[in-house]
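Reviewing the structure listed below.
We did not get these values from a lab; they are worked out from the coordinates using the rules stated. Nothing here was measured: the structure is a model prediction, and the numbers come from that model. Neighbour counts are summed over all protein chains in view; Cβ atoms, including those assigned to glycine, are modelled from backbone coordinates with ideal geometry.
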Amino acid sequence: MILRFGLAMIRAIIAALSPAASQATSSPGSASGFVNNLMPQPSQLSAQEDTWRFAAKRCALAVAFLIVVTFAGRNSLAQANYQPSPENLKARQEFQNAKFGMFIHWGVYSVLGSGEWVFHDRALTVDEYNRLPLFFDPENFDAKTWVALAKAAGMKYITITSRHHDGFAMFNSKVSDWNIVQRTPYKKDPLKILAEECHRQGIKLFFYYSQLDWHNPNYYPRGATSWDNGRPNRGDWNLYLDDYMDGQLRELLTNYGPIGGIWFDGMWDKPDADWHLARTYALIHELQPAALIIPNHHQSPKPGEDVQTFERDLPGQNTAGFNTTSVSNQLPLESCDTLNGSWGFNIADSKYKSPAELERRLVQAAGNNSNLLLNIGPMPNGEIQPEFVTRLQAVGEWLSNYGDSIYGTRGGPIAPGEWGVTTQKDNKIYVHILSWHAPLFAIPPIANKVVEAHSMLDASPVEFTQKSDGVVLKVPLPKSDEVDRVIVLTLAASH
Ligand code: FHN
């Protein structure tokens, strides 16, 4: 619309500046006279008038072009000139303080126990996939147990798939009947139940929302992951974004109380498409200013986004091949990973990470100034498999001793390395030693004077010497099952 408006403006300005136009309005004459007036002969204009009009026309064109570029860019790219509201800035701080979240991939795909990409991986048709919801009846789903488990693990927020790439809404959506209430024997809205329980237990709830859709015909032109699954070779992209997607987002942001934010995924399927981000981001920030927009598009952050997230890697790393962009020093950071190797329930995946690996991962995330969002894929009956439960509980136990060195901290003053990381909070630096082999441990210089050092394990004092070229800590060798030796350094107040 803005583009059309801009073009109309250009036309109007040119017409207004055209000598023919002024002549035409001053002496309209007959129809044929009007046409003639639009095409004045060069001889009719003085050279001076000609130059002036040419310059004015160029100037008007430049102004109109600027209007078009400014507004069209705003519409098609992202929420330009976005100024986060005070509520949003506060929510960002709280998000950073939270440090540890539970990621949940749960959908009708869980029935097949083959992960959330099974629709695509088996190249099923839409008609075939439509049968799946008929078998989804999570009779043992108990929101209280899920939220209690997150809390026992020391997690402070939950991010759950409101819909994945199959487009199936795991909530009561009026926008389409492709949803859990209308298509499954369960007939209830688990997100509503979960949201209420999260509010009761003081856990923030975020909704994962896939922009990529393998089911809706209006997701057209289709993207890189498409296959011939029986959808027609036509569709209305604008309808998909503005009516369907924004309609569902409006539901998620109005029917579930205050939510933590929206975790977007799937833009990478059509990286060059116009996703109407300005519109969608503005809608979210308007409905809930404190809701954080967390896009997993694997690109640099765009205006309107509130958190930069990294898939299967810490910020700045790229072992998984997703994270090629630089790390923002403005936005809160998050890194997501799986507890075994899968996102959605995978019956054949037993590659569970040990509690020690998970704890290490959490420490490394915190030392890299990032949150860790750790994924589990519940089973189709609504239960969380015991292999996940025991590991999460073990991490929670570890956090009950070491939480002070994680929650509410930011990345510390020393660059993370193979040896470990530092975190910091107020006048404390937490030195997390993840690997050491000698009784003395040296770290680079710290600006403030260290006035005290102790081990978090048993509060025993740690001997240290601080010189201009660094701090040396005397650290007894680790116990065989020790994951992280945390030395707390207390700093003198700076003058
Ligand atoms: O394709 C998805 C995948 O299924 C999963 O949801 C992860 C979570 O970060 N994101 C996508 C891949 O980037």
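By the compact-protein rule of thumb, 2.2 N^0.38 Å, the alpha-carbon radius of gyration of the range 265-354 corresponds to a ratio of 1.24. Considering only Cα-Cα distances, which of the following residue pairs are longer than 26 Å: LYS204/LYS425; LYS187/LYS353; LYS270/LYS302; LYS144/LYS302; LYS90/LYS174; LYS425/LYS467? Flagged as over cut-off: LYS187/LYS353; LYS144/LYS302; LYS90/LYS174. Other residues within the sphere of radius under 10 Å centred on the Cβ of PHE464, judged by their own Cβ, net out at -1 (K and R +1, D and E -1).
Between SER226 and SER460, full extension at 0.36 nm per residue minus the direct alpha carbon distance yields a gain of 78.3 nm. Here the ratio of the Cα radius of gyration of the range 345-495 to 2.2 N^0.38 Å is 1.18. The label-point distance for ASP121 and ALA438, in a model that sets each label 7 Å from Cα toward Cβ, rounds to 4.7 nm.
Any chance you could check the Cα centroid distance between the range 96-142 and the range 345-396 for me, in angstrom? Each part reduced to its Cα centre gives a spacing of 18 Å.
Using only the C-alpha atoms, the convex hull of the range 180-292 corresponds to 116 Å³ per residue. Given in Å, the Rg to one decimal and the Dmax to the nearest whole number for the Cα atoms of the range 143-206 are 12.7, 37.
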